[in-house]
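What follows is a single structure, written as structure tokens, with notes after it.
The values are calculated or read from the model by the stated rules, or taken from the named source; none is laboratory data. Being a predicted model, the structure only gives us computed values, none of them experimental. Cβ atoms come from the backbone with ideal geometry, glycine included; neighbour counts cover every protein chain shown. With ligands, DNA and RNA removed, areas are computed over all heavy atoms of the protein, side chains included. Shrake-Rupley method; radii C 1.70, N 1.55, O 1.52, S 1.80 Å.
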Amino acid sequence: QVQLVESGGGLVQAGGSLRLFCAASGGIFSAIPMGWYRQTPGKQRDLVASITARGNTNYADSVKGRFTISRDNAKNAVYLQMTSLKPEDTAVYYCNAYPTGFLTWGQGTQVTVSS
């Protein structure tokens, strides 16, 4: 069973950058397509970016050109580099399998972007 721990969030001004980190333990992580998701209070969890086991990526239109997802299978890690952050990027960010999110959800990491 893969367990997920997210970190790297924080408070940043609009236009700033953050790098999120997802550590996975157990299971066959390298074979699993992964995604970064985000959620704001009262709303559903939305997919932000995804990466296949081979490294092919895809992004939501709202973050395309600003966010970059990557992974290091040797380290069981997935990253999300976020640049040109906007207040509307404020959310709790989670990593999980793509597209179904079938792994146990971690605690997430809070990203707050001030205007």
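Got a number for residues in region 74-91 being touching a Ser or Thr at 6+ places or on another chain (Cβ under 7 Å) and either of a type in the set (S, T, N, Q) or open to solvent by 10 Å² or more (accessible area, probe 1.4 Å) (or both)? Residues meeting the conditions: 6. Here Ala77 meets the list (1) in contact (Cβ under 8 Å) with a residue 60 or more places away in the chain; (2) over 17 Å from Val12 (Cβ atoms); (3) in contact with a Lys or Arg (Cβ under 8 Å, 6 or more places away or on another chain); (4) hydrophobic (A, V, I, L, M, F, W, C) almost entirely, failing just condition (1). Output yes when any residue across region 74-94 is of a type in the set (S, T, N, Q), touching an Asp or Glu at 6+ places or on another chain (Cβ under 9 Å) and over 18 Å from Cys22 (Cα atoms), and no when none is. No. Of all residues in region 17-41, those being of a type in the set (Phe, Trp, Tyr), within 13 Å of Ala97 (Cα to Cα) and in contact with an Asp or Glu (Cβ under 8 Å, 6 or more places away or on another chain) number 1. Please work out which residue is farthest from the chain's Cα centre (by Cα), limiting yourself to region 48-73 and to residues that are open to solvent by 70 Å² or more (accessible area, probe 1.4 Å) and more than 17 Å from Arg19 (Cα to Cα). Ranking the candidates gives Arg54 first.
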